[in-house]
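K.L.:
Got a structure for you, questions after.
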Amino acid sequence: EHAILDSSITIEDYAQGNGIENNWLTRFLVNKMEGELVKEHLEQAKDILRQKFLIGFLDDGKETIYRIMKYYGWSYDEDETKKMDQEDCIANLLTEGTNRNSNGYEMPKRGSQAYALITWQTQFDKRLYEFAQELFAEQTKKWGTHERKKELKKKKKGGT
């Protein structure tokens, strides 16, 4: 059953704790759902990501799907029609999504109280996300597409 959101709750109310999860991913990974988080918890969460996860991102969906398929040894059907159907299905999921929130909402503006509160409530998860982006790049060597591996080599040669 889905929770009904109270439309009278402002983004500031939410950010002050009326619904927001405090660093949920970090807490989940280190099994500390309550109490104060410290830097050691973040480092532990990073280690868990490094050792246990194949990283993927919805905003880099095509690359992510390739990596998942490679990791599990999956491939598209040999029948060309079925293969096209499978590719179309994946492309549709990546663009349209499933179980997506279709309600419009305004993102808090940098400098606002809501932005500051949300940033504070998610500070460890934000760092964990940035680390996951680094891991995604590192995992390119083993799991990335040929094109992505070439991009990575170019970046390294260019010194960026």
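K.L.:
If we count trypsin sites (Lys or Arg not before Pro) as exposed when they sit in a DSSP loop and have at most 11 other beta carbons within 10 Å, what is the longest stretch of the chain that avoids them all? Could you put the intermediate results ahead of the total?
P.N.:
Details: sites that count: Arg100, Lys109, Arg110.
Answer from the scan: 1-99.
K.L.:
Counting Lys +1, Arg +1, Asp -1, Glu -1, what net charge surrounds Asp88 among other residues with beta carbon under 15 Å of its beta carbon?
P.N.:
Working: positive: Lys62, Lys82, Lys83; negative: Asp77, Asp79, Glu80, Asp85, Glu87, Glu96.
Taking every other residue near Asp88 into account, the sum is -3.
K.L.:
Report, ordered by chain and residue number, the lysines lying within cross-link reach of Lys70, taken as a straight Cα distance under 20 Å and ignoring same-chain residues fewer than 8 apart.
P.N.:
Lys52, Lys62, Lys82, Lys83, Lys141, Lys142, Lys149, Lys150
K.L.:
For the range 2-65, which GluC sites (Glu not before Pro) pass both filters: DSSP loop (anything but H, G, I, E, B) and at most 12 other C-beta atoms within 10 Å?
P.N.:
Numbers: sites: Glu12, Glu21, Glu34, Glu36, Glu40, Glu43, Glu63; in loops: Glu21, Glu34, Glu36.
Filter output for the range 2-65: Glu34, Glu36.
K.L.:
With the Cα gyration tensor of the range 97-160 giving a ≥ b ≥ c as the square roots of its eigenvalues, does the rule (a/c under 1.5 for rounded; else a/b larger than b/c for prolate; else oblate) give rounded, prolate or oblate?
P.N.:
Details: a/c = 2.74, a/b = 1.87, b/c = 1.47.
Prolate, because a/c is 1.5 or more and a/b exceeds b/c.
K.L.:
Leaving out same-chain residues fewer than 8 places away, which lysines sit with a Cα under 25 Å from that of Lys109?
P.N.:
Cross-link targets: Lys126.
K.L.:
Separate question: By its C-alpha gyration tensor, with a ≥ b ≥ c as the square roots of the eigenvalues, how is the range 8-160 shaped: rounded for a/c under 1.5, else prolate for a/b larger than b/c, else oblate? If you can, show how the numbers build up before the last one.
P.N.:
Details: a/c = 2.08, a/b = 1.50, b/c = 1.38.
Prolate is the answer for the range 8-160, as a/c is 1.5 or above and a/b outweighs b/c.
We did not get these values from a lab; they are worked out from the coordinates using the rules stated. Predicted model only: the values in this text are computed from it and were never measured. Neighbour counts run over all protein chains shown; Cβ positions are idealised from the backbone, glycine included.
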